[in-house]
1. Listed highest first by mean packing, meaning other Cβ atoms within 10 Å per residue, what order do 21-33, 164-176 come in?
2. Take the alpha carbon atoms of segment 50-69, find their center, do the same for segment 1-42, and report the distance between the two centers in whole angstrom.
3. For the pair E115/M152, report the inter-label distance in nm, with labels modelled 7 Å from Cα in the Cβ direction.
4. Order of R143, R181, R119 from fewest to most other C-beta atoms within 10 Å?
5. Antiparallel as a % of all DSSP beta bridges within segment 45-195, to the nearest 5?
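Read the figures in this text as sums done on the coordinates, not as results from a lab. What you are looking at is a predicted structure, and each value in this text was computed from that prediction instead of being measured. Backbone-built Cβ (ideal geometry, glycine too); neighbour counts: all protein chains shown.
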Amino acid sequence: MFVGTCSDAGKSVINAAFCRIFKQDGYQPAPFKAQNMSLNSYSTPEGGEMGRAQVVQAEACGISPHTDMNPILLKPTNDKSSQVVLNGKPVGNMSAKDYFGIQNQKEELFKEAIEAFNRLEARYNPIVLEGAGSISELNLRDRDITNMRMAMKAGASTYLIADIDRGGVFGSVYGTIALLRPEERALMKGVIINKFRGDASLFEEGLDRDSRGRRNSMVSGYQDRGRGFRSVGYEK
């Protein structure tokens, strides 16, 4: 599972890349994101709505997109409310306060997400999960159905993606992991530093200091418009 320190860290693109890698290595992968927020949706062959990011990831897997890959879609109607799409079908509009404030309803949505995940898992392997936003939003953690709760339910090896382009990458990585519960932290297997530019060797000292004594690996990746994606791996 790929999760982030923030929104727009690059989770969707990295997820799609690993979907393609697994496909090329002979596996039968499928993407999954329990809850997505996107104004623009995609219409599946069955007529359901789902997030476009999971459509791209499905294409990377070489399979047809299905609403099981994104069972809950929130389509913003203004800055405080969204249309809720469940299993491809609109079920009504809700304010953010109502959506995140009604615990029983979120439990029902989580059950729907798990059922969609189980249907995918019965057909594909591996399932490449994607989180949403930051995994350490303390105000939303108890109502989470997308990030670490989903990772724990799936028993997923989890990799944290951080955007170095924003600055403060070590602080964001350390703080994000420190705010996790112990059982959530146990799922973390590595960190991906995304959007790195320049000489990767200048980054090694920081990686050594941050990962000293830890068993997980760190990977530095950057996007070069002229040459595409590259990555440099470090393991301690």
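1. My ranking of the peptides, most packed first, is 21-33, 164-176.
2. Between the Cα centre of segment 50-69 and that of segment 1-42, the gap is 9 Å.
3. 2.3
4. R181, R119, R143
5. 65
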